[in-house]
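The values are calculated or read from the model by the stated rules, or taken from the named source; none is laboratory data. The structure displayed is predicted, hence computed values, not measured ones. Cβ atoms come from the backbone with ideal geometry, glycine included; neighbour counts cover every protein chain shown.
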Amino acid sequence: MQELKELQRQGMSIQAISKLTGRDRKTIRKYMQAAGLAPEYGPRSAPPGKLDAFKPYLEHRDPREATLQREEIDIARRARTEKGHKKGH
């Protein structure tokens, strides 16, 4: 038990202590919890979202711009179908 305390004090993880001592990591965790040494894990921070890089642009963008773009796309589609092009690609 004293050995576990010292290894943890040195900053070793439960998995590293498990490999070093040859005991299962669940056993190491059980001994540490019994001695009040088990690490306390808090909630994890959320990973960055896919759109986080574009957030400043999206927040300051004029919402009318997207509407105009959609209207231009619709006009282009109508022009293509009027010329006999099939819908889709």
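Can you say whether residue 45 is assigned to a helix (DSSP H, G or I) and at pLDDT 75 or above, as far as the supplied structure shows? For residue 45, the condition - assigned to a helix (DSSP H, G or I) and at pLDDT 75 or above - is not met. Annotation note: Cβ proximity below 8 Å between a residue of segment 16-33 that is in a loop (DSSP other than H, G, I, E, B) and a residue that is of a type in the set (S, T, N, Q) (sequence gap 6+ or interchain) occurs for 24/18.
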